[in-house]
Each structure stands twice: as C-alpha cells, then as structure tokens.
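Asks: Please see the structure below; I have some questions.
The values are calculated or read from the model by the stated rules, or taken from the named source; none is laboratory data. Since the model is a prediction, treat every value here as computed from it, not as a measurement. Here the Cβ positions follow ideal geometry from the backbone for every residue, glycine too, while neighbour counts run over all protein chains shown.
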Amino acid sequence: MISSTALTDECRIRALELGFDLCGFTSIEVKLWRDYYLKWIADRQHGTMSWMERNNDRRLDPAKILPEAKSIVVVGMNYYQPDPDRRGKIAKYALGKDYHKIMYKRLKRLCTWMQEQGGVQKPYIDTGPLLEKPMAASAGLGWIGKSTLLLHRKHGTFLFLGVIVTTLEFDADSKEDDHCGTCTRCLDVCPTDAFPAPYQLHASRCISYLTIEHHGAIPHEFREAIGDRLYGCDDCLDVCPWNRWAQTTRETRFHFTGLPDLREMLDWNENDFKDRFQGTAIARLKLPRWKRNICVVLGNIGTADDIAVLEKQLQASDAMVAEHAQWAIERIQIRSRVENEKG
Ligand code: SF4
Ligand code: SF4
C-alpha cells in the first residue's frame with residue numbers, strides 16, 4: 001500500500017500539472033477561527049450577506065461535510081495582472097473569465113485521480129459553506145494578514161482558492177508564520193475605513209461589498225470614497241509589499257480583453273450587458289447595479305461631456321439608477337462650477 005507521504009507528493013505533483021500554482025494539505029480536524037467568525041457575524045460586520053449566518057455547523061466543522069473524511073486539500077491559482085489603463089477600475093479577479101468553472105473542471109480531474117486511490121471526495125470552489133482562507137493557511141498556502149487576506153510569500157494576495165474534502169489520508173503541511181511585521185499599509189490605505197483593527201474587516205464598509213454584494217442604493221456616506229472603482233477594490237492588495245513579486249497569471253482566460261468607455265456602457269440594454277459579460281464574475285451583478293456603479297464613478301471623475309448620457313438615465317425604469325444618475329450630474333456640475341470660478 002502506498003504511504004501517505006508518497007500519496008501526498010503524487011497529489012501535489014498532479015495538482016501542479018493540472019495548472020494550479022499551489023497545493024497544500026491539512027487535517028479534517030483543522031481549527032477554523034470559530035470564535036472570531038461567530039463574533040464577526042454577531043456584530044453584523046457581514047452586512048446583508050445573510051448566507052454567512054447559515055450552515056455554520058458545517059462551515060466551522062468540515063468533518064460534518066463528509067463522513068469518514070480525514071484530510072482537506074487546498075489548491076491556489078494566481079490571478080494577478082496589471083490594471084488596464086481605463087476610466088473605471090475593476091478588481092483584478094474580475095477582469096477576465098469567471099474562475100469558478102475553470103478551476104472546478106481541474107479540481108474534478110484531481111478528484112478522479114483521488115477516487116482511483118480509493119478516496120471519496122467533495123470539491124468546492126466557493127460553492128459551499130467553507131472557510132477557505134483559514135483552511136488554506138492551515139494547509140501551508142500562506143498566512144492571514146492584517147488585511148484579512150491570505151498572503152503567500154511568492155504569490156502575495158492574488159490567489160483563487162479551491163478545496164477538496166477527502167477520505168484519503170495526506171500528510172499535513174506546516175503552517176506559515178505571520179510575516180506582516182510592523183507594516184500597516186493595507187489598514188492605512190483603505191478609502192472607507194473598513195478595518196476597525198488589524199485582522200478585522202467590517203465587510204459592509206468595504207468597496208468590494210458596496211459595489212458587488214450590496215443590492216439597492218449605495219449609501220451616500222461611501223459614494224465619494226468609491227472614487228473610480230467600478231467593480232470591487234484592490235487598494236489593500238496593491239499596497240501590500242508581498243505583492244511586489246506577483247507575476248501575471250499564465251491562465252490566459254483570466255486576462256482582460258477590453259471594455260468600452262463608461263459613457264457607452266451606461267447606454268447599454270440587457271442584451272448588451274449579457275453579451276459582454278457572459279461567463280464573467282460581473283454577469284452576476286446584473287445591469288441595474290452595473291449602471292448604478294457607473295453613475296457613482298462618473299459622479300466622482302466624470303466631466304461635462306458625460307452629462308448627456310447621465311440625463312438619459314433620469315428616465316430609467318429602475319428608480320435606483322435614476323437616483324444615482326441625478327447624484328452624478330449634480331456632482332459634475334458642482335465640480336465644473338468650482339473649476340470655472342478658479343479659472
Ligand atoms: S478592498 Fe478596498 S475598501 Fe475593501 S478593505 Fe480593501 S482597501 Fe478597503
Ligand atoms: S499590507 Fe502589510 S500589514 Fe497589510 S497584509 Fe500586507 S504585509 Fe500585512
């Protein structure tokens with residue numbers, strides 16, 4: 001019978017051959033920040049992401065996912081690429097094709113091999129109640145930094161994660177030490193003060209939450225701070241010194257393939273939106289929230305040339321879009337008046 005060490009080595013090699021950049025192992029009995037997570041939920045720092053309140057039995061105890069499970073395999077895929085030079089920033093993870101299908105296919109192939117070794121597996125790519133980051137940290141894929149993100153010494157913070165819960169027994173990897181040291185760059189840069197303290201994130205203040213997860217109007221107190229961020233925010237990732245060695249992802253489907261200017265996209269109908277974003281993370285946002293975000297960005301960086309297309313949105317069937325367009329027009333007009341007075 002093959003030893004657990006040989007099985008671990010073989011699995012890691014296969015994961016890398018399948019195109020994952022990292023693969024680590026931890027025991028099913030992994031400790032998962034139980035008290036931290038339950039307090040975070042109790043303090044309502046998750047905003048309206050109510051699914052995070054459910055299935056905590058399984059989320060905090062992966063042994064409940066699969067009877068007889070012994071190990072957790074965690075894989076990582078680098079998604080870094082430089083920001084494109086355009087009006088309206090998009091978080092790097094959403095610049096190309098959605099990672100879920102791409103990674104799931106590879107994960108399933110790894111599961112097939114594990115099945116051949118006698119294992120029963122459950123693969124996850126963001127598809128179930130799991131705490132992927134603490135699992136990844138336990139599996140030696142990095143440490144959870146003050147930004148609450150997973151940091152890897154080589155890949156920094158730009159990693160998609162996938163998890164397999166399995167009945168096979170693998171050798172657990174050793175945990176990485178925390179290398180944040182005295183650095184506080186991520187905490188200092190946050191435009192919305194979303195970090196109440198190091199290692200704590202108030203998600204409902206985070207621009208990623210506000211521009212992606214949050215339905216309905218963006219609260220006025222955050223609109224200016226959103227600046228030119230159209231979808232998500234990478235500020236606390238971009239400043240992290242551990243990202244200075246990040247290399248552009250070798251997965252070309254993650255690469256950015258271009259987008260029209262904000263003015264043109266604000267004029268889109270449902271079909272235009274679907275045609276362009278099918279198979280991407282942005283598709284899940286739907287057109288009204290996409291237009292809402294464009295209005296906020298134009299309110300912050302737009303010029304008099306953008307007013308005509310914003311005015312068209314005042315008649316939009318969606319009241320939220322119309323209200324954000326009105327806000328944007330007023331902001332552009334105030335800016336133009338101030339500039340005229342100065343000039
Ligand atoms: S993603 Fe942006 S808004 Fe969210 S915590 Fe990081 S810097 Fe703050
Ligand atoms: S920016 Fe500094 S403190 Fe924040 S996660 Fe990176 S190393 Fe840690």
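Asks: Which condition breaks for Trp245 when tested against (1) within 13 Å of ligand 1 (Cβ to nearest atom); (2) modelled with pLDDT under 95?
Replies: Every listed condition holds for Trp245 apart from (1).
Asks: Of (1) more than 16 Å from ligand 2 (Cβ to nearest atom); (2) hydrophobic (A, V, I, L, M, F, W, C); (3) assigned to a helix (DSSP H, G or I), Ile218 satisfies all except one. Which?
Replies: (3)
Asks: Checking the structure you have, find out if any residue of the range 128-138 is free of Cβ contacts under 8 Å to residues at least 24 places away in the same chain and either within 10 Å of ligand 2 (Cβ to nearest atom) or not charged (D, E, K, R) (or both).
Replies: no
Asks: Answer yes if at least one residue in the range 15-37 is assigned to a helix (DSSP H, G or I), at pLDDT below 90, surrounded by fewer than 16 Cβ atoms within 10 Å (Cβ to Cβ) and not charged (D, E, K, R), and no otherwise.
Replies: yes
Asks: Given the criteria in the same structural domain as Asp35 (by TED's automatic domain parsing), at pLDDT 95 or above, under 17 Å from Lys70 (Cα atoms) and of a type in the set (D, E, K, R), does Asp173 qualify?
Replies: The answer is yes for Asp173.
Asks: Next question. Can you go through Asp234, Asp228 and tell me which one is more than 8 Å from ligand 2 (Cβ to nearest atom), under 16 Å from the mean Cα position of the chain (by Cα) and in contact (Cβ under 8 Å) with a residue 24 or more places away in the chain?
Replies: One residue alone meets the criteria, Asp234.
Asks: In the range 198-207, which residues are away from ligand 2 (no atom under 11 Å from the Cβ) and either at pLDDT 95 or above or buried (at least 17 other Cβ atoms within 10 Å of the Cβ) (or both)?
Replies: Leu201, His202, Ala203, Ser204, Arg205, Cys206, Ile207
Asks: Okay, next question. Would you confirm whether or not the range 169-182 contains a residue that is of a type in the set (Ser, Thr, Tyr), surrounded by 17 or more Cβ atoms within 10 Å (Cβ to Cβ) and within 16 Å of ligand 2 (Cβ to nearest atom)?
Replies: no
Asks: Being β-branched (Val, Ile, Thr) and more than 16 Å from ligand 2 (Cβ to nearest atom) narrows it down to one of Val189, Val120, so name that one.
Replies: Just a single option satisfies the conditions, and that option is Val120.
Asks: Answer yes or no as to whether Met320 is outside any loop (DSSP other than H, G, I, E, B), farther than 30 Å from Arg106 by Cα, touching a Pro at 6+ places or on another chain (Cβ under 7 Å) and outside the structural domain of Lys154 (by TED's automatic domain parsing).
Replies: Yes, satisfied.
Asks: Those residues that are under 17 Å from the mean Cα position of the chain (by Cα), of a type in the set (S, T, N, Q) and outside any loop (DSSP other than H, G, I, E, B), I need them from the range 239-266; list them, please.
Replies: The one that is under 17 Å from the mean Cα position of the chain (by Cα), of a type in the set (S, T, N, Q) and outside any loop (DSSP other than H, G, I, E, B): Asn243.
Asks: Let me confirm something: among Gly119, Gly128, Gly181, Gly162, which residue is in the same structural domain as Phe25 (by TED's automatic domain parsing), more than 16 Å from ligand 1 (Cβ to nearest atom) and modelled with pLDDT under 95?
Replies: Of Gly119, Gly128, Gly181, Gly162, the one residue that is in the same structural domain as Phe25 (by TED's automatic domain parsing), more than 16 Å from ligand 1 (Cβ to nearest atom) and modelled with pLDDT under 95 is Gly128.
Asks: Within the set of pairs 6+ apart or on separate chains, which have a first residue in the range 253-275 that is of a type in the set (S, T, N, Q), a second that is at pLDDT 95 or above, and C-beta atoms under 8 Å apart?
Replies: Here the result reads Thr257/Gly96; Asn269/Leu287, each pair linking the range 253-275 to a residue that is at pLDDT 95 or above.
Asks: Would you pick out the residues in the range 212-229 that are closer than 29 Å to Gly19 by Cβ and modelled with pLDDT of 95 or more?
Replies: If the condition is that a residue be closer than 29 Å to Gly19 by Cβ and modelled with pLDDT of 95 or more, then Ile212 is the only one that fits.
Asks: Still on this structure, I have one more. Of the conditions (1) loosely packed, with under 14 Cβ neighbours inside 10 Å; (2) not assigned by TED's automatic domain parsing to the domain that holds His155, Glu224 satisfies every one except a single condition; which number is it?
Replies: With respect to (1) loosely packed, with under 14 Cβ neighbours inside 10 Å; (2) not assigned by TED's automatic domain parsing to the domain that holds His155, Glu224 is out only on (2).
Asks: Another question about this same structure. Select the helices (runs of 4 or more DSSP H) contained entirely in the range 80-194, then report the ones holding at least 2 residues which are in contact with a Phe, Trp or Tyr (Cβ under 7 Å, 6 or more places away or on another chain).
Replies: 99-116, 132-138
Asks: Select from the range 293-317 the residues that are under 17 Å from Glu264 (Cβ atoms), in a helix (DSSP H, G or I) and not aliphatic (A, V, I, L, M) and list them in ascending order.
Replies: If the condition is that a residue be under 17 Å from Glu264 (Cβ atoms), in a helix (DSSP H, G or I) and not aliphatic (A, V, I, L, M), then Asn293, Cys295, Asp305, Asp306, Glu311, Lys312, Gln313 are the ones that fit.
Asks: Counting just the residues of the range 190-232 that are touching a strand residue (DSSP E or B) at 6+ places or on another chain (Cβ under 8 Å) and near ligand 1 (Cβ under 8 Å from one of its atoms), which one comes out nearest to Ala328 (Cα to Cα)?
Replies: My answer is Arg229.
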